[in-house]
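Just below is one structure, and these are the notes that go with it.
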Amino acid sequence: MQQPSLPTDRAGAELALGGPSLGTRVSEALRDPGRWADWAALIGLVVLVIVFQSLNSTFLSSTNIQAMLVASAILIVLSVGQTFVIATAGIDLSIASTMTLAAVVFGFAFVHGWGLVAAILLAICAGAFVGILNGTLISRGKITDFIVTLGTLSAASGLALVIANGKPVTIISEPLLRLSTGTVGIFGYSFLIALAIAVVAHVVLFHTRFGTYVLATGGNSEAANASGINTKRIKTAVYAISGLLAGVGAILLVARVGAAEPAANTSFLLNSVAAVVLGGVSLFGGRATIAGPVIGALLLTALVNGLTLLGVSQFYQPLAVGIVVVLAAFLTRFQK
Amino acid sequence: MQQPSLPTDRAGAELALGGPSLGTRVSEALRDPGRWADWAALIGLVVLVIVFQSLNSTFLSSTNIQAMLVASAILIVLSVGQTFVIATAGIDLSIASTMTLAAVVFGFAFVHGWGLVAAILLAICAGAFVGILNGTLISRGKITDFIVTLGTLSAASGLALVIANGKPVTIISEPLLRLSTGTVGIFGYSFLIALAIAVVAHVVLFHTRFGTYVLATGGNSEAANASGINTKRIKTAVYAISGLLAGVGAILLVARVGAAEPAANTSFLLNSVAAVVLGGVSLFGGRATIAGPVIGALLLTALVNGLTLLGVSQFYQPLAVGIVVVLAAFLTRFQK
Amino acid sequence: MSNATAETAPLMFQAPSDALLRVEDVALSFGQVRALKTVTMHARRGEVTAIVGDNGAGKSTLVRCISGVHRPDSGVIEFDGAPVNFRSPEDAREEGIETVHQNLALVEDLTVWQNLFLNRELMRGFGPVKFLDRRAMKREAATMVSSLAVNVPPVASRVRRLSGGQRQAVSICRAAGFTSKLIIMDEPTAALGVQETARVEELIQRLRDEGHAIILISHNFDQVLRLSDAVWVMRAGRCVAGRRTAEIDGDEIVGLVTGARPGDLPAEKLQGDLT
Amino acid sequence: MSNATAETAPLMFQAPSDALLRVEDVALSFGQVRALKTVTMHARRGEVTAIVGDNGAGKSTLVRCISGVHRPDSGVIEFDGAPVNFRSPEDAREEGIETVHQNLALVEDLTVWQNLFLNRELMRGFGPVKFLDRRAMKREAATMVSSLAVNVPPVASRVRRLSGGQRQAVSICRAAGFTSKLIIMDEPTAALGVQETARVEELIQRLRDEGHAIILISHNFDQVLRLSDAVWVMRAGRCVAGRRTAEIDGDEIVGLVTGARPGDLPAEKLQGDLT
Amino acid sequence: ACGSTSSTGSSGGGSATDSLKIGAVIKGLDNPFFQAMESGIQEGSKTENASVSVQAAASISDTTGQADKLSSMAGQDYNCFIINPITGTNLVQGLAQLSTKKVPLINIDSPIDAAAAKAAGANIATYIGTDNTAAGEMGGAEMAKLLPSGGDVALIGGTSGDVTSAARLDGFKKGIPANINVVQTVAADWDRQTALTKATDLITAQPNLKAFFVANDDMGLGVAKAIANANKKGQIKVISVDGIKDGLEGVKSGDISAVVAQYPFVIGQMGAEACKAAHEGKTLPTKVTAPVQVVTSANVDKALSSAPKPAESYADPIADLLK
Ligand SMILES: Nc1ncnc2c1ncn2[C@@H]1O[C@H](COP(=O)(O)OP(=O)(O)OP(=O)(O)O)[C@@H](O)[C@H]1O
Ligand SMILES: Nc1ncnc2c1ncn2[C@@H]1O[C@H](COP(=O)(O)OP(=O)(O)OP(=O)(O)O)[C@@H](O)[C@H]1O
Ligand SMILES: [Mg+2]
Ligand SMILES: [Mg+2]
């Protein structure tokens, strides 16, 4: 038995990040059938890429890869935010509307001469504000996450309409244009931003106290509470993160379309949750990865891209998307 | 201790349905703070009615009540179906698309001269078929409900587009028009149908074995399984019920809008879940009522109706809806 | 299989012809964890067969194999003379195997009476249409629970609200209420108070006297010596010894459990341990 | 409060000035269920204070009041000389109260080491930025668990996979690893095997000798007599008697628990029972 | 059974002294096209004794929500209704309620299905609007001018199965000559971002693509952005339908080659004026064709300066009635 008093911190005696080597961890993961599900999205993505490439050789052309990666950036950012919420067994239905609101706030500030940086900060703050509101109502008000975020879904999109007076605002800004079109090799800036966010999120989730508390809150909030974790604060924080990332997504969106619109963006909501779930994260909380949802987002983007490249008719596209999504989830069943 | 062998059935020794009197049960419910949440929707509804009536006296006019009840019929039917699924800790995201598909199937059959009754039966079968597909994939295929129903959401709406070739079919049928406009007193036929479905659902959930198994599966599916309940069959059954009721909803929809349209009516999805959750049913399964979701559906309908009557601008309506939904859920916090 | 060797060979090699349950060389791994290496044991009608062993020895896993929760990777389970291959707990229950699981398989959101009558609800009918007879179930549930528990919980309260021991009492009532050939109880009295423990022990004896076979898992060796007719000792995924209770004492059990005594497994059976 | 009455009055009325924990007239109802009527008890530093009682007597509820999970409806809890009013388990833990709950408050989806170090993670820093020191936590977790468990589960496996006893060992490791003034253990050995029980008992004695106060709930009266310095008996939501362990024997405990002996509560304290 | 007439105020036809209460139910909400329509309605009903309440569906696919709104307004004392149904039939139930009240029903923009109106017993006083199919055809004709030697074009529609989108695209296909070849049709859900993504994919998939025809201006701007991103501005043409301000700006900047402008403001204004005319007891023409104009770089300045009204004069039989 250890001494009752344990050191609560240790100076960086070991500097190697993350313990066992990657190889060990991968082989460990492969041996554990419960974790096969985590890789559904990756397997699905690989299969999809092979199929599309064999049917249409432009699929893996560098222009197309670049286009896909850029197109996936917003969804990746939102899915990362959604992952934090879902890891605590919550759900953020307002994520897409919050993005809309943040985009409109950005547009409002921008055309009122706030300057780019200030407008960006304001938009991100607006997103974070909605997140904190969600989190506070859920954790302090003890209202179900589903209802609260459904309420803010409606309220945020209403507010966006009011602020924008229902009209899109064209944003002409050189830096934003570069953000949406600039690349490093085949990686567009917006994709790189999304990737950087994902890496930070991964470190936060697995290498900080906060991340452990998020998983503990999702796994068993009573137990987490009993061991002295302030689960209310954790809940508030994950919604704040989700709102904040919706704000970041809004900037990417505005840069991408060159306008701040009060459009509903509903497809982003379902897609963000779908990416997370395809990425092997349980809706019941407690277990999560960041890589999974990122791959899930890439899968969903590649799917629509590939179907369009193949010239699948607009009526058959939803059918094909539905079938492929189920198959991607089904793939793992045969791996066990 | 009882004899190890217990009678497994007893001839109707007591005929009074449901044990303790309603009064006892209500007072029991009121004493149990955990059950206050079940009444959130009712309290919300009453408050809403009082507010709207005091602002606009036509709100409680018999014409308007009639309009509201009729308008709520489809949502009630869908919410009842959704309740069964949610009681098993699942979710049916495909419910609105299934309704669209069933409507299109109805339209297809009707214009191809199948006759009204046959077309109705075919539409309901189509709904039930999607439900059984969902249920089978979820219970046998062991894929997360969220992904499966998201897949069928997409696939069913795609199929609807394909069948309808993207175009609505106008349905002109005397009986259907009567269904959507006929009344008994202030109760429209479609509302009465919805109410009858709710009553049957209540009896099934609380007075049959099947209902108990549904709740047991949602509460602790391992335990239900260990006590010999075939949880897979139960899971399949609830999705079948949900699909079947989506089929019924499709008939009401076609009667209401006079056409079978392939464009998805997405608002029904979130509203059906919102009605269930406002009705005090936990998304984590195991506890459910039917009255709650029905009241939840009425609340949501009355809300939009009232805002329209008050002439609240189109931009402010989503904002108001969002705030009222959260407040309705919040109300119960002060009751404890 | 002959009784001639009964005196010399330990119980585990006897497999009498009247054994209700016979488990032979059953193995089960969870990924890397070999929870059961090879387990051979049996249980007879009208007897209480105890299984003892350290934490993590594999007792509950063995029980879950017998009751159809897990399917063994290899080995044979014979029940009532015929080999069985349960694909679900439902199968096992249909054959007449009833289990009180260690993790108390109750549905927390259902009431006490709903749990007691889960999957064997009392019905009352109007012709072919049958509805739950809620009132009768509540009444009978109250009698059943009060026979075991001292602080009787209201039968209409949800299981979530019960104290640890009250839950266990409900679990045991459930299992005892079915007509089954074999009743398996995995640490049934672990959470029970003195009075409740005494009542459960009485219940076990009564069930045995009625001719049921009972498998009892317990860490309380006094209880095992008091109640059981035969004892199996498990160690690290194996049954290392089996004895008639009359021929064993507490010290020998402790020795077998801890490994201070080697047990009766022949060396070739232990090979697998090297891998 | 005077020692003069110590011989005549039972322990419960003594409330010595050096008591670490003092609970006075604490009551708590859940809706209709009066789980605690009025409970008065105390615990001292460097002693093991046992609480015994039937299932549903209110032991765990009392513990949950002390450790901040529930807030009592009325009554006073004094800790370390000052009245406390914990609003959350966090508050209680900050004051130095560590609890092993009966329902084993572990996070099933986290690994053993994550559970052991939950809310006291080891960190390593690059300047002001701090990250989890996963490797060190795993290493220490392995040592901690192997000191209590016999079949040591891999520390990187999720708690969901552990056997009943293995979980309990993890819970106890957790509680013992904190530096706290009062350690409450609610039926810590209920699921443990003989060897593991012995190790936990050793641990308890060591913690006592180090000067911690320990509250032990157990249905095993032998264990209570072996380990504790004082015993409180609960019956139907009250502490009906308190004794120095040296002055009591097993029969008296059984009598007090079952109600065969009335206990020491004065009649006016029992009034509430009529309502 | 229904339509037991509500208390006061619903005197059909009405004398000029009565105050005029107009109820309007239109489509979109987050779409500038319908906002312009709303402004038109407000503008057209600006008289001392007229008031108007404009309600809109929550989204362009919210057929039942729109029906609910009409039902709740039908129970009130409006004495004229302006209706822009999402589909030909989705408001049939509210129309049945209104049919017994004898209030004038002005149908704007999307036509109510004649058979459905008949089944509901509703009498539509007048229809004011442009056929979306006709607008599409004009787009097709303009495309023929832009691509005299023909070539591949792709179509981008709104939500799959949407009626307006389908009519515009079908009209376009009718309007193009044989040498213009529609290679692919995709749905972009009336969303600029989706349109951008899909157009990017199409540019990759169809290397010979010469032009896009897009079902509304908002998506058209997204398509223009995709073309700019691919450095093909000018090489690939874009024609869209609607004529919102941003669309016209797009034409001016050369991002969009041409816009088929439908002037929702004028449609709304004519609708409100039709109510006034009916209220004054005038007889309305059964069908009024609202102006449609193709805006290209040649006439965009004029179009912008006269927005939200068309640059060129148009026939307005309703204004004539009110004179
Ligand atoms: N589902 C599972 N996945 C992985 N490992 C498991 C699983 N179930 C049990 N184990 C492992 O198998 C071993 C045996 O567990 P089991 O529960 O059978 O022990 P037990 O003898 O019942 O112990 P106890 O007395 O503590 O209840 C343990 O090491 C446990 O960690
Ligand atoms: N959250 C709750 N809601 C309602 N009743 C409760 C709740 N928690 C406990 N009770 C009731 O309070 C009484 C005391 O329960 P408690 O868990 O304290 O008993 P205990 O003495 O720990 O019993 P055991 O030895 O079985 O663990 C029981 O009758 C129980 O049903
Ligand atoms: Mg066990
Ligand atoms: Mg307890």
message = Is it the case, given these coordinates, that B:Leu252 is farther than 18 Å from B:Ser272 by Cβ, within 17 Å of the chain's Cα centre (by Cα) and buried (at least 21 other Cβ atoms within 10 Å of the Cβ)?
response = no
query = Can you name every residue in segment A:142-189 that is over 21 Å from the mean Cα position of the chain (by Cα) and charged (D, E, K, R)?
reply = A:Lys142, A:Lys167, A:Glu174, A:Arg178
query = Residues in segment A:131-149 that are at the interface with chain B (Cβ under 7 Å from one of its Cβ atoms), modelled with pLDDT under 90 and outside any loop (DSSP other than H, G, I, E, B): how many?
reply = 2
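Regarding D:Leu256, is this residue within 16 Å of ligand 1 (Cβ to nearest atom) and either over 30 Å from C:Val254 (Cβ atoms) or open to solvent by less than 10 Å² (accessible area, probe 1.4 Å) (or both)? Give the steps one after another, and end with the answer.
Details: within 16 Å of ligand 1 (Cβ to nearest atom): no; either over 30 Å from C:Val254 (Cβ atoms) or open to solvent by less than 10 Å² (accessible area, probe 1.4 Å) (or both): yes.
No, not satisfied.
Sort out for me the helices (runs of 4 or more DSSP H) sitting completely within segment A:218-300 that have 1 or more residues that are modelled with pLDDT of 95 or more.
Counting at least 1 such residues, we get A:231-257.
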ask   = Going by the conditions given, is D:Glu108 open to solvent by 30 Å² or more (accessible area, probe 1.4 Å), in contact (Cβ under 8 Å) with a residue 24 or more places away in the chain and within 16 Å of ligand 1 (Cβ to nearest atom)?
value = yes
query = How many residues are more than 9 Å from every other protein chain (Cβ to nearest Cβ) and either of a type in the set (Asp, Glu) or surrounded by fewer than 24 Cβ atoms within 10 Å (Cβ to Cβ) (or both) when one looks only at segment B:66-95?
reply = 2
Filtered residues of segment B:198-225 (kept if more than 21 Å from C:Arg135 (Cβ to Cβ) and facing another protein chain (nearest Cβ under 7 Å)) = B:Gly219, B:Asn220, B:Glu222, B:Ala223, B:Ala224, B:Asn225
query = Of the residues in segment B:181-197, how many are part of a helix (DSSP H, G or I) and either within 13 Å of chain E (Cβ to nearest Cβ) or surrounded by fewer than 20 Cβ atoms within 10 Å (Cβ to Cβ) (or both)?
reply = 8
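Of everything in segment C:159-189, what is within 16 Å of ligand 1 (Cβ to nearest atom), touching a residue at least 60 places away in the same chain (Cβ under 8 Å) and of a type outside the set (Ser, Thr, Tyr)? Give them in sequence order.
Within segment C:159-189, C:Gln168, C:Ile184, C:Met185, C:Asp186, C:Glu187, C:Pro188 qualify.
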Output for segment B:143-176, where each listed residue is under 17 Å from A:Val276 (Cα atoms) and polar (S, T, N, Q) = B:Thr144, B:Thr149
query = Going through segment D:172-216 one residue at a time, which ones are within 16 Å of ligand 4 (Cβ to nearest atom) and open to solvent by 10 Å² or more (accessible area, probe 1.4 Å)?
reply = D:Glu187, D:Thr189, D:Ala190, D:Ala191
key: Residue that is farthest from ligand 2 (Cβ to nearest atom) [pool: residues in segment D:52-69 that are over 16 Å from D:Met41 (Cβ atoms) and either surrounded by fewer than 22 Cβ atoms within 10 Å (Cβ to Cβ) or away from chain C (no Cβ under 14 Å) (or both)]   = D:Gly68
query = Among the helices (runs of 4 or more DSSP H) contained in segment D:166-275, which hold 2 or more residues that are aromatic (Phe, Trp, Tyr)?
reply = none
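Every residue in segment C:13-34 that is of a type in the set (A, V, I, L, M) and modelled with pLDDT under 90, please. Quick ask: steps written out before the conclusion?
As a first pass, look at segment C:13-34 and keep what is of a type in the set (A, V, I, L, M): C:15, C:19-21, C:23, C:26-28, C:33.
Once the filter is applied, which keeps residues that are of a type in the set (A, V, I, L, M) and modelled with pLDDT under 90, segment C:13-34 yields C:Ala15, C:Ala19, C:Val33.
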key: Residue satisfying condition, being open to solvent by 30 Å² or more (accessible area, probe 1.4 Å) and not aromatic (Phe, Trp, Tyr), within set E:Asp191, E:Asp152, E:Asp162, E:Asp201   = E:Asp152
query = Looking at (1) within 15 Å of ligand 1 (Cβ to nearest atom); (2) outside any helix (DSSP H, G or I); (3) modelled with pLDDT of 85 or more; (4) not small (Gly, Ala, Ser), which is the only condition D:Pro153 fails?
reply = (3)
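Can you pull out the residues in segment E:65-82 that are open to solvent by 10 Å² or more (accessible area, probe 1.4 Å) and facing chain B (nearest Cβ under 7 Å)? Don't jump to the end; show me each part of the working.
If we filter segment E:65-82 for residues that are open to solvent by 10 Å² or more (accessible area, probe 1.4 Å), which is where we start, we get E:65, E:68-69, E:75-79.
The answer is E:Gly65, E:Asp68, E:Lys69, E:Gly75, E:Gln76.
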ask   = Given E:Leu221, E:Leu209, E:Leu202, which one is facing another protein chain (nearest Cβ under 9 Å) and over 21 Å from the mean Cα position of the chain (by Cα)?
value = E:Leu202
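For segment E:36-57, how many residues are closer than 20 Å to E:Ala307 by Cα and open to solvent by 10 Å² or more (accessible area, probe 1.4 Å)? Let's see the steps before the verdict.
Within segment E:36-57, the subset closer than 20 Å to E:Ala307 by Cα is E:36-46.
Subsequent filtering for residues that are open to solvent by 10 Å² or more (accessible area, probe 1.4 Å) retains E:36, E:38-39, E:42-43, E:46.
So the answer is 6.
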task = Mind listing just one residue for me: the one in segment C:111-143 that is more than 7 Å from chain B (Cβ to nearest Cβ) and either at pLDDT below 85 or part of a strand (DSSP E or B) (or both) and, of those, least open to solvent (accessible area, probe 1.4 Å)?
result = C:Thr111
ask   = Just to be sure, is C:Ala169 at the interface with chain D (Cβ under 8 Å from one of its Cβ atoms) and within 16 Å of ligand 3 (Cβ to nearest atom)?
value = no
task = For segment E:205-216, name all the residues that are open to solvent by 30 Å² or more (accessible area, probe 1.4 Å) and of a type in the set (S, T, N, Q).
result = E:Gln206, E:Asn208
query = Here are some conditions: (1) among the aliphatic types (A, V, I, L, M); (2) within 30 Å of E:Ser39 (Cβ to Cβ); (3) open to solvent by 30 Å² or more (accessible area, probe 1.4 Å). A:Leu161 meets all but one. Which one does it not meet?
reply = (3)
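So which residues in segment B:150-180 are in a loop (DSSP other than H, G, I, E, B) and within 10 Å of chain A (Cβ to nearest Cβ)?
B:Asn165, B:Gly166
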key: Those residues of segment E:183-208 which are under 20 Å from A:Ala264 (Cα atoms) and among the acidic types (Asp, Glu), in sequence order   = E:Asp189, E:Asp191
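The values are calculated or read from the model by the stated rules, or taken from the named source; none is laboratory data. Given the structure is predicted, the values throughout are model-derived calculations rather than measurements. Counting neighbours? That spans all protein chains shown, and the Cβs are built from the backbone with ideal geometry, glycine included. Note: areas computed on protein heavy atoms with side chains; ligands, DNA, RNA excluded. Shrake-Rupley method; radii C 1.70, N 1.55, O 1.52, S 1.80 Å.
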